[in-house]
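Here the structure is laid out as structure tokens; the discussion comes afterwards.
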Amino acid sequence: MAKVTDLVKRLLVGRALRSGQLHEQLLPKRVALPVFASDALSSVAYAPQEILVILSLAGVSFYSYSPWVAMAVVVVMLTVVASYRQNVHAYPSGGGDYEVATVNLGKNAGLTVASALMVDYVLTVAVSVANGVDYVGATVPFVAEHKPTVAIIIVVLLTIVNLRGIRESGFAFAVPTYAFMIAVLGLVTWGGFRLLVLGDELRAPTAGFQVVAEQTNLTAFAAAFLVLRAFSSGCAALTGVEAISNGVPAFRKPKSKNAATTLLMMGVVAVAMFSGIIAIGLASGVTVAEPQHVAVDLLRPDGTPVGPDYYQQPIISQVADAVFGGGSLMFIVISAVTALILFLAANTAFNGFPVLGSILAQDRYLPRQLHTRGDRLAFSNGIVILALGACLLLWGFQADVSRLLNLYIVGVFVSFTLSQTGMVIHWTRHLKTETDQRIRFQMQRSRVINFFGGVMTGLVLVVVLLTKFLVGAWIVCIAMPILFLMMKGIRHHYDNVAAELAVTEDLDETMLPARNHAIVLVSKIHKPTLRALAYARATRPSTIEAVTVGVEGEEAHALQEEWERRGIPVPLKMLDSPYREITQPILDYVKTLRRRSPRDVVTVFIPEYVVGHWWEHLLHNQSALRLKARLLFKPGVMVTSVPWQLHSSDRLRARREPFAPGAVRRPWHEVEADDERTKA
């Protein structure tokens, strides 16, 4: 069974890598860009559309505000990119926002950032995969009918790829990400050329459509609130920017410089694609409505509703239709790579979450298992936990992008704001001791950038909370404090354990027992029992006795007689069990010995069979396992297993263990013949 499991693991994950091969998993910039930037780049597929969807609540006339909203999003994005370039130089260890907030604002601020990022990473996977399933479901009805199941399958596939290691997953995702970048930039460039140079008229499939306004006769305050809500939805384009600051250790040297360069490349490409899509979308007359109300709120040019059978194409598909024509090769290519990049956008979280979890585990805020690298030198436990969280969200929200987006970006802007505030404190502290004027000027410039970034992201956070709280963001506002308290509780547990295990000056006296009472458990007289008795005697305990539980009177009497007949030099004690229970009488007897001599220890020797096949485990040693599990909780009790290897375990070991050089493998019939002669 173990061999089959290992074979499946190797097929899925690959061969194990030595710790010394860690440097081989580091990424060059050309691979790091698709690994860490796929989330930010993929937001082009939905962030521009979300701006138009929210503005459409007041009618198509409110689309006139979309350029200003988009411009505000671009300003925030460039500010955040510039701010995080300072972060990766100042804190290259990979702690990112968590390390910045912890060092400069305190542990509670750091845990707040950590809880926000963990929630955001899980939502990144869920939103990206759900949106990708929507694109595929538009052309494949089966996918649309089984969205949650298909989305979970995609998450499982992404998990397997990431378990194979960051370098291998990076190369696997590089081609689709670059294909998306080239396709969208080509779309924007050719569309702009047709509009500005050739003077062509571009018409989207929904050009001339109208939207039934849900909000009419808005007051100035209500209109401003709607515009701010559109702005907060468009800020989904900023998610994923922080991933590079968390993944600096994955870059090749010089790590900080390469991470900063990759961050700049990501920011420039994302801004170009975001601005171009929304500009050409408006120029070509793209019209979108809320997904839940498309059938009745979206009107054709003749004033009739589109009806329940109408499928609202995403904004990129509509722009591609306007620029290249529906059904053209480029239209098909752009639709395909967009769906693919949305699936791969989850890879940003698969690289950021495990690293953050490892750092938190090292600081004892998460279980230590998250700090351990797997066979492929990836943080496998963190990858699996992230996948489970995303699958639960996809199942709970039925892979509905609109519902999931309402939970989105709250966490990331919490981390943005606290991180930039921490960086301002960082530069202020260093300026007090720095005397070199050139370095001081650089620090002052960085402080200004981080201060502006902190103000901008703080304002966006307020807007997001005000506009999204009642439509779903409250769930994140509850989840973050729960994670915060959970991490505090884990740290409290580890601190208590460390305090209990700490070495004291009088350790030798307190740890040395007065006497050691040995108990050998006996069910019948056979080879495992005799080996356990011999081993217990070899440890030279203060006292030794064999203990058996008399469940059946005749068997107990027969055991007593055989014990005396063989002259075994260890006294046998028979424990009564009127209710045919084996475990409890032994526990009561051990408790009696401990009560009689509290400073003494009791060592319980348990003979056990060692079998070679999984099904044999079901047939042996269940009572021994239960007894060991109960005895482990008894203070002053030591439990020693004395194994006896059966033939099946010997044969299994012989098949698995390599032979020494020059050794000759003997046929099994010869080995069995020797065994028979030995027995005779």
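Across segment 557-588, what is the total count of residues that are within 22 Å of residue 534 (Cα to Cα), part of a helix (DSSP H, G or I) and in contact with a strand residue (DSSP E or B) (Cβ under 8 Å, 6 or more places away or on another chain)?
Total satisfying the criteria: 4.
Scan segment 140-162 for residues that are over 19 Å from residue 36 (Cα atoms) and either in contact with a strand residue (DSSP E or B) (Cβ under 6 Å, 6 or more places away or on another chain) or without any contact (Cβ under 8 Å) to a residue 12 or more places away in the chain (or both) and jot them down.
140, 141, 142, 143, 144, 145, 146, 149, 153
Which number in (1) buried (at least 17 other Cβ atoms within 10 Å of the Cβ); (2) in contact (Cβ under 8 Å) with a residue 40 or more places away in the chain marks the one condition that residue 549 misses?
Unmet condition: (2).
For residues that are more than 30 Å from residue 406 (Cα to Cα) and open to solvent by 20 Å² or more (accessible area, probe 1.4 Å), tally how many sit in segment 444-472. Quick ask: steps written out before the conclusion?
We begin by selecting, within segment 444-472, every residue more than 30 Å from residue 406 (Cα to Cα); these are 444-448.
The next check asks that each one be open to solvent by 20 Å² or more (accessible area, probe 1.4 Å); those that pass are 444-445, 447-448.
Result for segment 444-472: 4.
When segment 629-642 is examined, which residues are found to be closer than 20 Å to residue 541 by Cβ and either in a strand (DSSP E or B) or open to solvent by less than 60 Å² (accessible area, probe 1.4 Å) (or both)?
If the condition is that a residue be closer than 20 Å to residue 541 by Cβ and either in a strand (DSSP E or B) or open to solvent by less than 60 Å² (accessible area, probe 1.4 Å) (or both), then 631, 636, 637, 638, 639, 640, 641, 642 are the ones that fit.
Could you say whether any residue in segment 369-383 is free of Cβ contacts under 8 Å to residues at least 12 places away in the same chain, under 30 Å from residue 152 (Cα atoms), in a helix (DSSP H, G or I) and open to solvent by 10 Å² or more (accessible area, probe 1.4 Å)?
Looking through segment 369-383, none of the residues is free of Cβ contacts under 8 Å to residues at least 12 places away in the same chain, under 30 Å from residue 152 (Cα atoms), in a helix (DSSP H, G or I) and open to solvent by 10 Å² or more (accessible area, probe 1.4 Å).
With the condition kept exactly as written, say whether any residue in segment 182-204 is farther than 30 Å from residue 279 by Cβ, of a type in the set (S, T, N, Q) and either in a helix (DSSP H, G or I) or at pLDDT 85 or above (or both).
Step one: list which residues in segment 182-204 are farther than 30 Å from residue 279 by Cβ, which gives none.
So far as segment 182-204 goes, no, none of its residues is farther than 30 Å from residue 279 by Cβ, of a type in the set (S, T, N, Q) and either in a helix (DSSP H, G or I) or at pLDDT 85 or above (or both).
Can you tell me which residue within segment 247-266, out of those that are at pLDDT 85 or above and surrounded by fewer than 21 Cβ atoms within 10 Å (Cβ to Cβ), is farthest from residue 181 (Cα to Cα)?
261
For segment 67-149, list the helices (runs of 4 or more DSSP H) that sit wholly inside it and hold at least 3 residues that are at pLDDT 85 or above; which are they?
Of the helices (runs of 4 or more DSSP H) lying wholly inside segment 67-149, those with at least 3 residues that are at pLDDT 85 or above span 96-105, 107-137.
Select, from 281, 240, 276, the only residue that is touching a helix residue (DSSP H, G or I) at 6+ places or on another chain (Cβ under 8 Å), under 18 Å from residue 456 (Cβ atoms), crowded, with 16+ Cβ neighbours inside 10 Å and touching a residue at least 24 places away in the same chain (Cβ under 8 Å).
After applying the criteria, what remains is 240.
Determine the pairs where a residue that is in contact (Cβ under 8 Å) with a residue 60 or more places away in the chain and at negative phi, located within segment 462-474, has a partner that is open to solvent by 10 Å² or more (accessible area, probe 1.4 Å) and outside any helix (DSSP H, G or I) with Cβ atoms under 6 Å apart, the partner being 6 or more residues away or on another chain.
Going by the 6 Å Cβ cut-off, the qualifying pairs are 468/406; 471/406.
What number of residues in segment 414-438 are over 25 Å from residue 236 (Cα atoms) and either open to solvent by less than 30 Å² (accessible area, probe 1.4 Å) or part of a helix (DSSP H, G or I) (or both)? Show your work before the answer.
To start, the set of residues in segment 414-438 that are over 25 Å from residue 236 (Cα atoms) comprises 425-438.
Still in the running and either open to solvent by less than 30 Å² (accessible area, probe 1.4 Å) or part of a helix (DSSP H, G or I) (or both): 425-431, 437-438.
Of the residues in segment 414-438, 9 are over 25 Å from residue 236 (Cα atoms) and either open to solvent by less than 30 Å² (accessible area, probe 1.4 Å) or part of a helix (DSSP H, G or I) (or both).
Can you name the condition, by its number, that residue 626 falls short on among (1) among the charged types (D, E, K, R); (2) modelled with pLDDT under 85; (3) surrounded by 15 or more Cβ atoms within 10 Å (Cβ to Cβ); (4) within 23 Å of residue 576 (Cβ to Cβ)?
Only one criterion in (1) among the charged types (D, E, K, R); (2) modelled with pLDDT under 85; (3) surrounded by 15 or more Cβ atoms within 10 Å (Cβ to Cβ); (4) within 23 Å of residue 576 (Cβ to Cβ) is unmet by residue 626, namely (3).
Residue 598: at pLDDT 85 or above, in a loop (DSSP other than H, G, I, E, B) and either open to solvent by 50 Å² or more (accessible area, probe 1.4 Å) or farther than 21 Å from residue 533 by Cβ (or both), yes or no?
Taking the combined requirement at face value, the residue does not satisfy it.
Given the criterion modelled with pLDDT under 90, closer than 30 Å to residue 413 by Cβ and not in a strand (DSSP E or B), identify the matching residue among 525, 475.
475
The values are calculated or read from the model by the stated rules, or taken from the named source; none is laboratory data. This one's a predicted model, so the numbers in the text were calculated from it and none came from an experiment. Every residue, glycine as well, gets a Cβ built from its backbone with ideal geometry; the counts of neighbours run over all protein chains shown. All accessible areas refer to the heavy atoms of the entire protein, side chains included, with ligands and DNA or RNA removed. Shrake-Rupley method; radii C 1.70, N 1.55, O 1.52, S 1.80 Å.
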